[in-house]
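Peer 1: If you scroll down you'll find the structure; I have some questions about it.
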């Protein structure tokens with residue numbers, strides 16, 4: 001029988017909504033010069049092949065619908081000005097959590113269940129935690145969140161056979177399969193993953209810059225005038 005968690009927060013997101021808001025949270029910290037994001041830049045971030053678990057293949061319609069729903073939940077705002085609509089997250093205020101807790105929830109939404117050591121490493125470009133004990137402390141606060149505040153937002157999963165550490169998962173999309181195997185972005189060696197993350201961020205920033213310049217010059221993003 002599959003073991004699942006039973007607790008879930010008042011604030012519930014679909015997997016697509018979680019990917020969209022977490023991508024906005026990530027890009028706000030890793031490529032601030034390109035933030036807030038256009039729908040095209042947001043779509044590229046959502047569909048990245050690295051630092052994502054699971055990897056998704058969302059359409060522009062998927063992202064647009066998720067943005068509408070997230071705005072109703074006060075987790076995303078549209079920024080006025082310019083010819084292209086841009087969006088920014090309002091997760092910390094909308095979810096009612098501290099900055100450190102928001103960082104951990106964003107990473108869990110993007111990369112799936114992780115250990116405290118993985119979370120601390122993956123958070124380097126978002127927020128520098130002093131040590132894994134501080135990460136554990138914030139996770140425990142999120143797990144023990146009172147019903148008056150909406151209940152637990154994370155859960156500590158049972159330690160997998162042969163694993164040295166237990167993993168944590170978010171509950172923003174409802175119950176979690178506590179027996180799911182560890183897969184995805186955190187499988188890569190730490191140094192390799194860090195380099196991939198840096199390259200991914202640089203490519204996203206360059207694409208956003210090129211797109212903005214093309215709009216100002218009135219040419220196609222690929223340089224093919226019609």
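The values are calculated or read from the model by the stated rules, or taken from the named source; none is laboratory data. On a predicted model such as this, the values are computed, not experimentally measured, just so you know. As a convention, Cβ positions derive from the backbone with ideal geometry for all residues, glycine included, and neighbour counts pool all protein chains shown.
Peer 1: In region 74-107, what count of residues is obtained for those that are buried (at least 17 other Cβ atoms within 10 Å of the Cβ) and more than 19 Å from residue 38 (Cα to Cα)?
Peer 2: Residues in region 74-107 being buried (at least 17 other Cβ atoms within 10 Å of the Cβ) and more than 19 Å from residue 38 (Cα to Cα): 12 in total.
Peer 1: Report the residue count in region 29-51 for those that are assigned to a helix (DSSP H, G or I) and free of Cβ contacts under 8 Å to residues at least 40 places away in the same chain.
Peer 2: 3
Peer 1: Report the residue count in region 144-169 for those that are touching a residue at least 24 places away in the same chain (Cβ under 8 Å), over 18 Å from the mean Cα position of the chain (by Cα) and under 16 Å from residue 97 (Cβ atoms).
Peer 2: Qualifying residue count, region 144-169: 5.
Peer 1: Suppose we filter 136, 124, 140 for residues that are out of contact with any helix residue (DSSP H, G or I) (no Cβ under 8 Å at 6 or more places or on another chain) and surrounded by fewer than 20 Cβ atoms within 10 Å (Cβ to Cβ); which single one remains?
Peer 2: Matching residue, one of 136, 124, 140: 140.
Peer 1: Just one of 204, 198, 166 is surrounded by fewer than 18 Cβ atoms within 10 Å (Cβ to Cβ) and either modelled with pLDDT of 65 or more or in a loop (DSSP other than H, G, I, E, B) (or both); which is it?
Peer 2: On inspection, the qualifying residue turns out to be 166.
Peer 1: Another question about this same structure. What's the number of the condition residue 54 fails, among (1) free of Cβ contacts under 8 Å to residues at least 60 places away in the same chain; (2) over 24 Å from residue 218 (Cβ atoms); (3) outside any helix (DSSP H, G or I)?
Peer 2: (1)
Peer 1: A further question on this structure: Within region 78-108, which residues are over 25 Å from residue 151 (Cβ atoms) and more than 16 Å from the chain's Cα centre (by Cα)?
Peer 2: Within region 78-108, 78, 79, 80, 81, 82, 83, 84, 85, 86 meet the criteria.
Peer 1: Among the residues of region 1-50, which ones are at pLDDT below 95, surrounded by 18 or more Cβ atoms within 10 Å (Cβ to Cβ) and under 19 Å from residue 114 (Cα atoms)?
Peer 2: Once the filter is applied, which keeps residues that are at pLDDT below 95, surrounded by 18 or more Cβ atoms within 10 Å (Cβ to Cβ) and under 19 Å from residue 114 (Cα atoms), region 1-50 yields only 8.
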